[in-house]
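The values are calculated or read from the model by the stated rules, or taken from the named source; none is laboratory data. On a predicted model such as this, the values are computed, not experimentally measured, just so you know. Note that each Cβ is placed from the backbone with ideal geometry, even for glycine, and that neighbours are counted across all protein chains shown.
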Amino acid sequence: MQIERINNNPDKLSAYFRLASVYGSVFNSEPWVNAFKEVLDIYCFCDNEGKVTGGFQMTREKKALFFSFLRTPLYQPNIAFFFEPRARNAAKQNDEIRSYIRAISNSSLLKATVLSYAFPPEFKDMLPFVHSGFKVIPNYTYQINLQQSEEQIFSLFSPERRNDINRAVKDGLVCRQENNTDVIFDLINQTFSEKKDHLYTGHVKKILQAFHNNPYSCGFVTRTGETPLAACYVLYTKRRAYYLLGGYSHNNRHGGAGAMAIWEAIKFLKKQEVQWFDFEGSMIPEVEKYFRGFGGELVPYYMVNKASFAIEVLLKTIKRSQF
């Protein structure tokens, strides 16, 4: 098995997209990759005959003359790693997964001063990275099984979250699917500005533009009258939906507006026969508490980190939990 960077290989990119449409996620889709092709390194796995069997994506950055960073791309929950499964026996399936994970951990293409990237939750065998001197760090997200009935899903919400939604309905708030991406962006931007968090506005605008009127996306906005209060923006395929971005009005607030937008998105996605709803990482304490109220399953996923000894000592003073 070989790993190749295929940004400038149209034939293998085409094969990559075909395979990803079956086994990958929305982050392997052409709209996403084309939106960020200038900053994405796109890699594929090839078998002995040169056939594409899977792939993943990373971002490489140069911070200084001799300092490079290879990491999970912005607004992706992980490196969108996927492959075409061929093994049928359980032991052989474990060996197959191990071979792909080992190929990444040992690849000479994936070298940088600092390596830091996450894997999708379904891939748990990180032993090749442990053996290669990486730190393997668990992170967490919440996932809702959309193959349950609406009643079952709503019953799993916390009393606080159900009360938020019921209060929004009682107060006459209305939530509908929103095609005006300017409205969605404005609410997202207001939220980040208030929290004094950095919003990569260029990236967000590219996402909203790339997926405008696209079957891979949906946005919901809660309003009182004509006034937007909160937004929820989701990217999805049939297998999995990701809560990518959300926001609320700084000047017009209602405690149930955001929860109502998420609930309407969940109901819409269920009608589209999407299997899972993923809150795309829930490590910030106040965000984790809010997402926990939607009753999803707490699911671990793994980040792997590695740096040279001197850089690692420095990073321990900044991000001790990761290095």
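The table below gives the values:
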| read-out | value |
| --- | --- |
| In the stretch 140-155, residue surrounded by the fewest Cβ atoms within 10 Å (Cβ to Cβ) [restricted to those that are within 17 Å of Tyr290 (Cβ to Cβ) and not β-branched (Val, Ile, Thr)] | Tyr140 |
| Failed item in (1) closer than 20 Å to Asp125 by Cβ; (2) exposed (fewer than 14 other Cβ atoms within 10 Å of the Cβ); (3) in contact with a strand residue (DSSP E or B) (Cβ under 7 Å, 6 or more places away or on another chain), with Lys62 passing the rest | (1) |
| Wholly within the stretch 180-293, helices (runs of 4 or more DSSP H) carrying at least 1 residues that are crowded, with 21+ Cβ neighbours inside 10 Å, touching a strand residue (DSSP E or B) at 6+ places or on another chain (Cβ under 6 Å) and aliphatic (A, V, I, L, M) | 181-195, 257-271 |
| Exclusive hit being in contact with a helix residue (DSSP H, G or I) (Cβ under 6 Å, 6 or more places away or on another chain), surrounded by 13 or more Cβ atoms within 10 Å (Cβ to Cβ) and either over 21 Å from Asp41 (Cβ atoms) or assigned by TED's automatic domain parsing to the domain that holds Lys62 (or both), set Ser99, Ser158, Ser105, Ser116 | Ser105 |
| Yes/no for Lys111 being at pLDDT below 95, touching a strand residue (DSSP E or B) at 6+ places or on another chain (Cβ under 9 Å) and more than 30 Å from Pro285 (Cβ to Cβ) | yes |
| Residue count for the stretch 144-181, restricted to those that are farther than 18 Å from Val234 by Cβ and among the acidic types (Asp, Glu) | 4 |
| Residues of the stretch 74-85 classified as in contact with a strand residue (DSSP E or B) (Cβ under 8 Å, 6 or more places away or on another chain) and surrounded by fewer than 20 Cβ atoms within 10 Å (Cβ to Cβ), total | 3 |
| Filter result for Asn106 (in contact with an Asp or Glu (Cβ under 8 Å, 6 or more places away or on another chain) and modelled with pLDDT under 95) | no |
| Matching residues in the stretch 1-56 - criterion: being of a type in the set (Asp, Glu), surrounded by 14 or more Cβ atoms within 10 Å (Cβ to Cβ) and either under 27 Å from Gln275 (Cα atoms) or out of contact with any Cys (no Cβ under 6 Å at 6 or more places or on another chain) (or both) | Glu30, Asp41 |
| Cross-chain or 6+ apart pairs with Cβ under 8 Å, the stretch 180-193 first and without any contact (Cβ under 8 Å) to a residue 24 or more places away in the chain, then crowded, with 16+ Cβ neighbours inside 10 Å | Phe185/Val204; Phe185/Leu208 |
| Tabulated pairs, the stretch 275-293, first more than 14 Å from Pro120 (Cα to Cα) and in contact (Cβ under 8 Å) with a residue 60 or more places away in the chain, second in a loop (DSSP other than H, G, I, E, B) and small (Gly, Ala, Ser), C-beta under 6 angstrom, 6+ apart or interchain | Glu288/Ser282; Phe291/Ser282; Gly293/Ser158 |
